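Right, one structure below, let's go through it.
The values are calculated or read from the model by the stated rules, or taken from the named source; none is laboratory data. Bear in mind the structure is a predicted one, so any value in this text is a computation, not a measurement. Counting neighbours? That spans all protein chains shown, and the Cβs are built from the backbone with ideal geometry, glycine included. The protein model used for the area step is the full one, side chains on, heavy atoms only, and it has no ligands, DNA or RNA in it. Shrake-Rupley method; radii C 1.70, N 1.55, O 1.52, S 1.80 Å.
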Amino acid sequence: MDWVAITSVLLAVLLAAAVLLRRRAELQAHADSRREVALARARGSDRARLQFPSIDLAKCIGCGACVQACPEDGVLALSHGQAVVVHGARCVGHGRCAEVCPTEAIALTLGDLSQRRDLPAIAVDHEAVGAPGLFLAGEITGFALVRTAVAHGRLVARAAARRRETLGAAPPGVHDLVVVGLGPAGLSCLLEAKALGLAAVGVDQARELGGAVAAYPRGKMVMTQPMDLPLHGRLPKLEYQKEELVGLWRRLADQHGLAVRTGVVVQRIERTPDGFAVAAADGSVLRARSVVIAVGRRGSPQKLGVPGEDLPHVAYSLLDAHGHQGERILVVGGGDSAIEAALALAEQPGNAVVLSYRRSAFARLKARNEQRIAAAIADGRIDVRYGTAVAAIGPSTVTLHPADGAAGGGVATAAAVAAERVFVFAGGTPPFALLEQAGVSFDPAARPAADAAVDRGNGLLAALALASLALAGLAAVRAGFAGYYDLPTALRSGSPLHAALRPQGALGLAVGALAVVLFAVNLAYLLRRHLRALPGSLRVWMDVHVATGIGALACATLHSAFTLRESPGGHALLAMAVVVGAGAVGRWFYAFVPRALNGRQQDLDEVSQAVAALAGEWDRSSRGLGADLRDAIEALVADARLGRGFGARVAGLLRSQWQLRRRLRRFRAAALAADVPRSEVERTVGLARRSHRLALQLAHFEEVRGLLASWRWLHRWLALLLLLLTVVHVVVAFRYGAVDFGVFAADSAPR
């Protein structure tokens, strides 16, 4: 056995070992993600507050780009080779997951709005349905991201400008636009209105510009993502401290002379013949053609409704933790704001911090906050009283009692906690009353019908069209020069077309070089995906990856003169054909498996739930026959072994089906002999068949998914082999003179 054979065997063994290690790592990752999903569901953090990513399993290829791009840890993960939503409550609407997905398999949505009565009915331009001239922007619409709020502000200002063009100039004393709320959306709207030449004024009940951002604790980082502010330009950084953003908004307001009024509490918004009248608590009234409501969703702080909550030492926000040292402090709440406040206060010298939370465990926390509070509890820096609620607040003590419906509470009876400072983070009262009085509807039936989802497929149609064009081009060349390509290889040298069409000829070399270039561009997709070393979206690079793969194969086939030789070039051509085919399997059919299993796009959990539902129906079956048959079916499934090879799996499946039919015949005969109605017998038999089928799917789901996941992974190794063969082919061609650049000069010389 020479060194080539030894090396080949060694490489094969190493590849097999790598496949097994990779598969073991995948199984461990799947198990970890399933445990995290189960934990999120137990805590309730799997459900998003507003926005959350919706994943189309028919398009997801499991590349993990969305998981890597999400700034919030734990929102997404890979499970069974595809993306899943884990902690949906941590999603704040960055939208990076949808931006980077190369197959458009993920979208940021608000979910099913058919029963939601906390979201307003608005049109495409954010105009309230049934209230012309009244617009909504920012978090009140359901989207909380700063960048999104800024975009909303631009949008509604432009809509107000179009409304002015339609109605004409406003009468004296009537503004073109009044903006209620001076957070990111309201300030962006005022800046855009200034740029458009609108007469606009903004009001806010707070004393400071910035809305909810201005109320954040000092030094809090505000994730914005790169965005454009009207009259300012690009904000390039990914994160800004609260003081940076608020300071920027103040400077812009002063620089451009924005008409803003702070400390103004709007009590009602009424329609008038000229547009709207915005009445404030101080008796002032602003009139405008259009009104933008950008007040956020928090509104006024939520009170606890207990004695003592209005005492001077009770606060509903924390601006500066450094001002509280050497104090006994109670923090009420379990959201991110409460956790961040408790952590900041616990870091100050001499503080003793107690946290009261109604539930038995934290839910809906950002991953970093969850880790920090766990460490603080373990270190004894924060004393958490789970399952408790405030009963009364005194000058120096707070009475806690078990929260209603809280399991595993931290106190069994009422208990007094020493506290000289109390910070309550119980959320806010949304300003829905103001909006409804102004004409905004929260009736789900009033919302415009969502655009019907158009299934664009999984990219197979476009790829097939491209492949068809490439094959049609090859067929045209093959037919056009059939006189040459039909000749045996040994006789082609006598053809006058041989100089141009042979692999070393002018056309052969040109398409061969093009195949190498296309293959190099094809591999650049890996650089973009894993190293992010190239510009452009991953979606575009995925399209380029598919197109260049097919194009390279077509060019290589033409370069070979439609002949598969026993040479490095022939081996490279064969490897390229295998790589393209393996890529097709990994790209499309891998994502098709969840639907092929049961006719629906579902994951393993849904199969488990279906089996559990069937078990419930079995338990309701009469006469005890159903329970007996269920036990028999479960035993049959437990004993089913489909084998390791394809033939063994087919045989095992047929054997399992034959055993099922035999047991069902026995059951049917016994049931009819016991005078069980035939309708009940057939219903029970139907349940048995469905249970058996779903249980088999449940037992072998991971096996099938793992097979195709490994196939997709092998596609990458095949591509590496192709790269090596291509390099060998090119080196051999140059080394042994197979490439003769003189053919180009000869073809171009005058005759």
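Brief remarks follow.
- Sulfur and carbon atoms: percent of accessible area, the stretch 472-548 [1.4 Å]: 72
- Accessible area of the stretch 175-265 belonging to carbon and sulfur atoms, whole % at 1.4 Å probe: 51
- Distance histogram for the stretch 122-184 (every C-alpha pair counted, 10 angstrom bins, percent rounded to whole numbers): 21, 52, 24, 4
- The charge dipole of the stretch 262-310, taken about the Cα centre with unit charges on the Cβ atoms of Lys, Arg (+1) and Asp, Glu (-1), comes to about 260 debye, rounded to the nearest 20.
- Sequence-distant residues sharing a close amide H with HIS175 (under 5 Å, placed H): ARG287, ALA288, ARG289
- The calculated FRET efficiency for the pair ALA510 and VAL540, based on their C-beta separation and a Förster distance of 22 Å, comes to about 0.25.
- Percent accessible area from carbon and sulfur atoms, the stretch 341-431, protein chains only, probe 1.4 Å: 51
- The percentage of C-alpha pairs in the stretch 85-233 whose separation is greater than 25 Å is 36%.
- J(HN,Hα) series, the stretch 474-482, from Karplus relation 6.51 cos²θ - 1.76 cosθ + 1.60, nearest Hz, glycine and proline x: 4, 4, 5, 5, 4, 6, x, 10, 4
- 23 Å Cα-Cα reach of LYS237 towards lysines, excluding residues that sit fewer than 8 places from it in its own chain: LYS220, LYS366
- For CYS101, the amide hydrogen comes within under 5 Å of no other amide hydrogen, counting only partners 5 or more places away or on other chains and with H modelled in the peptide plane.
- Between GLN437 and GLN657, full extension at 0.36 nm per residue minus the direct alpha carbon distance yields a gain of 72.7 nm.
- For ALA419, residues with placed amide H under 5 Å, excluding near neighbours: THR397, VAL398
- Dipole moment magnitude, nearest 20 debye, the stretch 247-353 about Cα centre, only Lys, Arg, Asp, Glu C-beta charged: 560
- Computing FRET efficiency as 1/(1 + (r/R0)^6) for ARG250 and THR109, where r is the C-beta to C-beta distance and R0 is 35 Å, gives about 0.50.
- Probe 1.4 Å, protein heavy atoms only - accessible area per residue of the stretch 357-408 in square angstrom: 50
- Zone of HIS313's modelled label, taken as backbone nitrogen in the stretch 370-399 under 14 Å from a point 7 Å along Cα→Cβ: 393-399
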